[in-house]
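Have a look at the structure below, then the notes.
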Amino acid sequence: MTSYLDPRSGQTYSLEKPRWCGDDGAPLLLTDLPGIGRDDVARRVRSIWRYAAALPFLPARPISMGEGCTPLVEQEIGGATALLKCEWFMPTGSFKDRGASVMLSLLRAQGVDAVLEDSSGNGGAAISAYAAAGGMAATIYVPASTSPAKTVQSRAVGAAITLVPGSRQDCADAAEAKAKEIFYASHNWQAFFLQGTKTLAYELWEDLGFQAPDNVIVPCGAGSNVLGAYIGFSELLRAGQIAKLPRIFAAQPANCAPIARAALGIDPVEAKPTIAEGTSIAKPLRTAECLKAMRESGGGAVMLSEEEIAAAALMLAGRGVYVEPTSAQAAAAVPKLIASGKIAARETTVAVLTGTGIKATQRYAEMVGVAI
């Protein structure tokens, strides 16, 4: 029987009662699932739900808008060939749709009809849209200082936006307090979200002819893609579908890199603003789990300067690949990892591009010197 699991204490909880944390407030995962083989893939389904057999249970009516099945595009970067996984080809423009689709589908099947999230970015947009698609009510808490433009997408699909005075941490604290009244379907906290992001691993496996790549590089804030890739590929290894885990590398901005600093053995420093806003998470919940994923896969972390991130974003844009600066970190990390000898140019390396550049119009305007 699959259960919620506190990976630090070993405490488990039944899935029958929806929960977003342990009794002591600890973040949860799920106990190990066995994984699936190629014959279990529902090949007629053009979405992440082709891998539904890998989930802890199957809802009668998944909330799906065709998320997943994103392109894998070959590009030369830093003298090597990289495969760009174009995750912005999603209904709301980011990889967060994978987690939102699975999390809300499973929660709705358990009787949850109203959810709470705290996010002014891609997480809030994804939860808002999939709640709307599933006939669920969504309340999104955002810092009061957030630009109104960042919440338009959530407002347009019908989410209730609550502006919270103070910092981003104040916003998270307020959401946790409100969780006594509305189920807290946080993309950072709720374990089912990671069951959605793990479909990235299954999809890459299928993209590559049912083989694992040598390396997967992902932008990392709270770590849902790092953990999703690790969980998914671990299941494939457990099922005997791959011979070894791909190395998983987390790319973070040097201005806000708590997970990368821990992985590299560098002392923490106070976070500063970064153009890679989607990975600007000063106090990630699952640092220990992310470090385990990188260590056990033989991967690691990369810290990137603001200049390196901007250069990678403009390089990709110059080739027609228009992604958020946050996403461009995966591409920026490729030449650095090759130069350090951590990966080889001949290896199969996937750079995961997580969100569309359309959501970073102001940042691009600043980079190209246009006033808007």
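Of all residues in the stretch 297-345, exactly one satisfies the criterion of being acidic (D, E) and either open to solvent by less than 10 Å² (accessible area, probe 1.4 Å) or over 22 Å from the mean Cα position of the chain (by Cα) (or both), namely E307.
Remark: pairs (first residue in the stretch 176-194, within 16 Å of V112 (Cα to Cα); second residue basic (K, R); Cβ separation under 8 Å; 6+ apart in sequence or on different chains) = Y184/K178; H187/K96.
The C-beta contact set for the stretch 80-93 (first residue open to solvent by 10 Å² or more (accessible area, probe 1.4 Å), second residue of a type in the set (A, V, I, L, M) and part of a loop (DSSP other than H, G, I, E, B), distance under 7 angstrom, 6+ apart or interchain) comprises P91/M65.
Restricted to the stretch 173-207, and to residues there that are touching a Leu at 6+ places or on another chain (Cβ under 8 Å) and aliphatic (A, V, I, L, M), the residue that is farthest from A293 (Cα to Cα) is I182. Taking the listed residues A311, A328, A317, A344, the one that is of a type outside the set (D, E, K, R) and under 16 Å from A250 (Cα atoms) is A328, with no other qualifying. With respect to (1) farther than 18 Å from G357 by Cα; (2) open to solvent by 30 Å² or more (accessible area, probe 1.4 Å), the lone exception for S105 is condition (2). For first residues located in the stretch 259-275 and closer than 29 Å to Q362 by Cβ, partners that are open to solvent by 70 Å² or more (accessible area, probe 1.4 Å) and lie 6+ apart or on another chain with Cβ distances below 6 Å form the pairs R261/P268. Of the residues making up the stretch 201-219, not a single one is open to solvent by 10 Å² or more (accessible area, probe 1.4 Å) and closer than 13 Å to G99 by Cβ.
The values are calculated or read from the model by the stated rules, or taken from the named source; none is laboratory data. Small disclaimer: the values here were computed from a predicted structure and weren't measured. All Cβ positions, glycine included, derive from the backbone under ideal geometry; neighbour counts span all protein chains shown. Ligands, DNA and RNA are excluded from the accessible area calculation, which covers all protein heavy atoms including side chains. Shrake-Rupley method; radii C 1.70, N 1.55, O 1.52, S 1.80 Å.
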